[in-house]
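Reading through the structure tokens given below for one structure.
The values are calculated or read from the model by the stated rules, or taken from the named source; none is laboratory data. This is a predicted model, so every value here is computed, not measured. Positions of Cβ are generated from backbone atoms using ideal geometry, with glycine treated the same way; all protein chains shown enter the neighbour counts. When the accessible area is computed, the model is the full protein with side chains, heavy atoms only, and any ligands, DNA or RNA have been set aside. Shrake-Rupley method; radii C 1.70, N 1.55, O 1.52, S 1.80 Å.
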Amino acid sequence: HGVPQSPPPAPRHPRAAAMCDATKKPAPWKGFLTGSVGAAIGGAAAHPIDLVKVRLQLQGQGKRGIDLNMIGMAKQVQANEGFIGFTKGIDASICRQLVYSGLRFGLYAQFKRLAENEQGQTTMLSRIICSVVAGGIGGAGGNPGDIVMVRMQADGTLPLAERRNYKHFPDALRRIIRSEGLLSLYRTGLIPNVNRAMIISCGQLAAYDQAKGIYLGWGAPDNIGTHFAASFTAAFVASAMSNPVDVAKTRLMNQKTQVYTGTVNCMAGIVRTEGPMALYKGFVTTFARQCPYLVVTWVSVEQLNRIVAKW
């Protein structure tokens, strides 16, 4: 009659399976990987607009005058430097994003997990705190890349005799270290850069999560369309919050001789010599840059998260 076979194991209840899967925490390195790669793609896509934004923030420095708008500045770049001019500093931008946003996205994900309650949920306040702290650390880590990127983007605004003419990112690093010292990479513009990174990360990370949660709560599916809408919302929040500090950061990093001593001094000087609205120079360009950057970044990150979740 043969040996009786034991019955097959009972199938897992769907809810129990989901709860078990939900308790699985992704490896920390995955957040750093998807954040850095996704942001590098987004940064490369938005780089031409970012270059125009930097040029707009530098025009009229120290004096009042006629300012170009976004279209006018883009035409000036094309006329003086050709289309290749829009790619100046793109290698520095990508290297910066790999460090800066890799740290931001990776640490933000880890900090959120530490702040989760028993149901695996976080509050808006905790997400804001997590994004601000992660942004500050990322801003400090990415400071060397930011200095190189700003200087390469701004070089076309200087007279020919005063241009730095960095060949590429490694060349810029070598020359800065030789002429200004290694510590200058973490001293020049560090405070305004960290301040900006903390503010803008609140918009780019916490505001994205908040907007996405609201849209999902309204019944939107968790797909690219919802990711697009959430990143568009986050782009406006990030632009409005960060533009004044971004203008100060650009001025401080680009100065050859010390004109401003710090973020507050720089912002006060800009208001005094150029008027308060000068703090929002390049806002339209900032928003125009944030939109493609955040949309491409978050859509890339969300898709990469789904891919690495299978690893």
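Near N195, within a Cβ-to-Cβ distance under 13 Å, what is the net charge of the other residues, with Lys and Arg +1 and Asp and Glu -1?
Details: positive: R196, K249; negative: D146, D246.
Counting the neighbours of N195, the net charge comes to 0.
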In degrees, nearest 10, the alpha-carbon axis of helix 224-254 is tilted away from the dominant principal axis of the alpha carbons of the chain by 30
Looking only at aspartates and glutamates whose Cα falls under 14 Å of K30's and that sit 8 or more positions away or on another chain, we get E302
The rounded separation in angstrom of the Cα centers of the stretch 279-311 and the stretch 157-224 is 13
Applying the gyration tensor rule to the Cα atoms of the stretch 86-227 (axes a ≥ b ≥ c; rounded if a/c under 1.5, else prolate if a/b exceeds b/c, else oblate), the class is prolate
Applied in sequence order to the stretch 144-159, the curve 6.51 cos²θ - 1.76 cosθ + 1.60 (Karplus, θ = phi - 60°) yields integer Hz couplings, x standing for Gly and Pro, of x, x, 5, 4, 4, 4, 4, 5, 5, 5, 8, 4, x, 7, 8, x
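Quick one: compute the contact order of the chain, relative version, from alpha carbon pairs under 8 angstrom and 6+ residues apart, as a percent. Could the numbers behind the result be given before it?
Numbers: 442 pairs, mean separation 81.5, N = 311.
Taking the mean separation of contacting Cα pairs over the length of the chain, I get 26 percent.
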Highest mean packing first, using Cβ neighbours within 10 angstrom, the peptides 211-220, 232-241, 144-153, 107-116 sort as 144-153, 232-241, 107-116, 211-220
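Using Cα pairs under 8 angstrom and six or more residues apart, how large is the relative contact order of the stretch 108-201, in percent? Can you show the working numbers first?
Working: 74 pairs, mean separation 37.8, N = 94.
Normalised by residue count, the contact order of the stretch 108-201 is 40 percent.
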If one compares the long axis through the Cα atoms of helix 190-201 with the longest principal axis of the Cα atoms of the chain, the angle in degrees, nearest 10, works out at 40
Which of L98, L173, L160 fluctuates most in a GNM of the chain (C-alpha springs under 10 Å)? That residue is L160
In whole Hz, the Karplus estimates of ³J(HN,Hα) for the stretch 69-75 (6.51, -1.76, 1.60; θ = phi - 60°; x where Gly or Pro) are 8, 4, 5, x, 5, 4, 5
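How big is the equivalent ellipsoid of the chain along its three axes, where each semi-axis is √(5λ) from the Cα gyration tensor, reported in whole Å from largest to smallest? Spell out each step's value before the answer.
Values: eigenvalues 368, 80, 65 Å².
The three semi-axes for the chain are 43, 20, 18 Å.
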Given the candidates L158, G217, T250, the one whose Cα lies deepest towards the positive end of the charge dipole of the stretch 153-259, counting +1 at each Lys or Arg C-beta and -1 at each Asp or Glu C-beta, is L158
Rounded to one decimal in nm, the spacing of the 7 Å Cα→Cβ label points at L125 and R187 is 4.0
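Rounded to the nearest 0.05, what FRET efficiency do N165 and L68 have when you use their Cβ-Cβ distance and R0 = 30 Å? Can you show the working numbers first?
Numbers: r = 24 Å, r/R0 = 0.79.
So, using R0 = 30 Å, E works out to roughly 0.80.
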Relative to the chain, whose Cα atoms define the longest principal axis, helix 263-274 and its Cα axis are tilted in degrees, nearest 10, by 50
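Determine by what factor the alpha-carbon radius of gyration of the stretch 179-246 differs from 2.2 N^0.38 Å, reporting the quotient.
This ratio for the stretch 179-246 stands at 1.50.
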Between E118 and I84, the two model label points (7 Å from Cα along the beta-carbon direction) sit apart by a distance in nm of 6.5
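With the full set of protein chains in place, find how many percent of the accessible area of the chain is carbon and sulfur; take the probe as 1.4 Å.
Ligands and nucleic acids excluded, carbon and sulfur give 67 percent.
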Filtered hits (lysines, Cα-Cα < 20 Å from K281, offset >= 8 within chain) -> K53, K63, K75, K249
